[in-house]
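Structure, as structure tokens:
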Amino acid sequence: GALVLCQPPPSPQEMLTGKYGEEAKLIYELQDQGGELLALRYDLTVPFARYLAMNKITNMKRYHIAKVYRRDNPAMTRGRYREFYQCDFDIAGQFDPMIPDAECLKIVHEILSDLQLGDFLIKVNDRRILNGVFAVCGIPESKFITTCSTVDKLDKLPWEEVKNQMVGEKGLSPEAADRIGEYVQLHGGLDLIEQLLQDPKLSQNKLAKEGLGDMKLLFEYLTLFGITGKISFDLSLARGLDYYTGVIFEAVLLQQENNHVEEPVSIGSVAGGGRYDGLVGMFDPKGRKVPCVGVSIGIERIFSILEQRVKASGEKVRTTETQVLVATPQKHLLAARLKLISELWDAGIKAEMLYKKDPKLLKQLQYCEDTGIPLAAIVGEQELTDGVIKLRDVTTREEVRI
């Protein structure tokens, strides 16, 4: 369909491509009237990094709720659109390891708990551990990024299929793929981190050792935050984007399909994020780096789940916050309604009226019931004479004169 330009200026295209790796094909590109190549923003992270660099900001903590655009295949039922809202939370600045990272995970945990979306799991991994695994499995560095995006498909496909892709499409040897398989199918907690720190091959790799050390620290902080019950250190988590440099995480909602299944089934990712220490430097003419960690919540995903839940329960959702409907019982009283509603609006009271000169009282009260407006302020000939209004409680039908 036609695409309306979003309010924030689109970014020059080369600022966006090259930051997303394989996912760059989902960027909306367009040429403006002057022939300049532009693109609609794909996420809120890259624009944030650009903002920090252009304004020479070295530390900042902020949240941002706004629209992003992806040339993806929409799947409405799963809350997957081409234009959708994200809510991002980021901490930028030079701090001691894993303290801000732990706070990001605490925020995701808090949001998903408070929204009562049901059971969820936050998977955590680290790009350095993943790259270390690839290195000790004999993958050439030039293939790290493509191997990463293949591993990322493990939440959708069984290992056998992922392995076939590695060998068939990415050109890895079957032996190397099998060696990767031994690692990427592992998941656990502190015990697994300890086990891998003792692993004869991995402990020899500088990157992996660094990543595992930080992961251990992270889990100690998460234990203090009291949230490790919902967190899993998962070596198959890779996240498709190129700009992550350290810890990465993704939150999935779980659905108990039936009682005799031991592992709950995921219904998709609702939040994701990680550390991207190199991104700000890419936008800085002098290459100055600002370490950053952040998380992005998929609002539409969550809404579609909440909506399905409400539908299933059969309860009605109020779509309006209106507190009172200004109503009239006879004809020729539009003026009275307009004067009264104006007074209510000026007093900061949320009021509505029907846009008809002479609506029937029953119709007006019916509107209150349909939309869940709790009160009707009724003003008729008699009320005008007496200088009062009749306030009616729509559900109990009690009336008082004021």
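The values are calculated or read from the model by the stated rules, or taken from the named source; none is laboratory data. Owing to the predicted nature of the structure, the values given are computational and were not obtained by experimental measurement. Please note: Cβ atoms are built from the backbone with ideal geometry, for glycine as well, and neighbour counts cover all protein chains shown. Side chains included, ligands, DNA and RNA excluded: accessible areas come from the protein's heavy atoms. Shrake-Rupley method; radii C 1.70, N 1.55, O 1.52, S 1.80 Å.
By how many nm would the segment from residue 96 to residue 156 lengthen if fully extended, with 0.36 nm per residue of separation less the alpha-carbon distance?
Working: separation 60, 0.36 × 60 = 21.60 nm, distance 3.51 nm.
Additional length available on full extension: 18.1 nm.
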Quiz prompt | For region 267-277, Karplus couplings with θ = phi - 60° (6.51, -1.76, 1.60), whole Hz, Gly/Pro x | solution = 9, x, 7, 10, 7, x, x, x, 9, 10, 6
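How much accessible area per residue does the chain have, in Å², with a 1.4 Å probe?
On the way: 21510 Å² over 402 residues.
On a per-residue basis, 53 Å².
Pairs 25/311; 163/230; 123/289; 156/316; 67/339: which are spaced more than 32 Å apart, C-alpha to C-alpha? Could you put the intermediate results ahead of the total?
Values: 25/311 36 Å; 163/230 29 Å; 123/289 27 Å; 156/316 35 Å; 67/339 39 Å.
Over 32 Å apart, Cα to Cα: 25/311; 156/316; 67/339.
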Quiz item: For residue 231, which sequence-distant residues (separation of 5 or more, or a different chain) have an amide H within less than 5 Å of its own amide H, given hydrogens modelled in the peptide plane?
Solution: 122
Exercise. Could you pull out every one of the lysines with an alpha carbon less than 19 Å from that of residue 209, ignoring same-chain neighbours closer than 8 positions?
Key: 201
Quiz item: What list of ³J(HN,Hα) values in whole Hz, one per residue of region 235-248 in order, does the Karplus curve 6.51 cos²θ - 1.76 cosθ + 1.60 (θ = phi - 60°) give from phi, with Gly and Pro shown as x?
Solution: 6, 8, 6, 10, 6, x, 7, 7, 7, 6, 10, x, 4, 10
Quiz item: For region 324-401, what is the percent of antiparallel DSSP beta bridges, rounded to the nearest 5?
Solution: 55
Exercise. Normalising by the residue count of region 3-312, find the relative contact order in percent from Cα pairs under 8 Å and 6+ residues apart.
Key: 24
Quiz item: Got a sec to turn the phi values of region 358-369 into Karplus ³J(HN,Hα) couplings, 6.51 cos²θ - 1.76 cosθ + 1.60 with θ = phi - 60°, whole Hz, x for Gly and Pro?
Solution: 10, x, 6, 4, 4, 4, 5, 5, 4, 4, 4, 5
Practice problem: Excluding residues fewer than 8 places away in the same chain, name every one of the aspartates and glutamates whose C-alpha is closer than 12 Å to that of residue 153. | Solution: 161
Quiz prompt | Once exposed loop chymotrypsin sites (Phe, Trp or Tyr not before Pro) are cut out (DSSP; at most 14 other Cβ, 10 Å), longest piece of the chain | solution = 96-354
Quiz item: So if R0 is 25 Å, what FRET efficiency would residue 25 and residue 308 give, r being the distance between their Cβ atoms, rounded to the nearest 0.05?
Solution: 0.25
Quiz item: Among 362, 222, 105, which one shows the biggest mean-square fluctuation in a GNM of the chain, springs joining Cα atoms closer than 10 Å?
Solution: 362
Quiz item: Which cross-chain or sequence-distant (5 or more) residues have an amide H under 5 Å from the amide H of residue 71, H modelled 1.01 Å from N in plane?
Solution: 27, 28
Quiz item: Rg (Å, one decimal) plus Dmax (Å, integer) for the alpha carbons of the chain?
Solution: 27.7, 93
Quiz item: Say the dipole of region 324-401 comes from +1 at the beta carbon of Lys and Arg and -1 at that of Asp and Glu; which of 389, 361, 373 then lies farthest toward its positive end?
Solution: 361
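So if I place +1 on the C-beta of Lys and Arg and -1 on the C-beta of Asp and Glu, and nothing else carries charge, what would the dipole magnitude of region 324-401 be about its Cα centre? I want it in debye, nearest 20. Let's see the in-between values first.
On the way: 12 positive and 12 negative charges, 56 e Å.
Dipole about the Cα centre, nearest 20: 280 debye.
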Self-check item: For residue 66, distant residues with modelled amide H under 5 Å away
Solution: 86, 88
Quiz item: Considering the chain as a Gaussian network with a 10 Å cut-off on Cα pairs, which listed residue, 254, 157, 338, attains the greatest mean-square fluctuation?
Solution: 338
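Please go through region 199-304 and write out the GluC sites (Glu not before Pro) that DSSP classes as loop and that have at most 15 other C-beta atoms within 10 Å. Write out the running numbers ahead of the final one.
Values: sites: 210, 220, 250, 257, 262, 300; in loops: 257, 262.
Answer by residue number: 257, 262.
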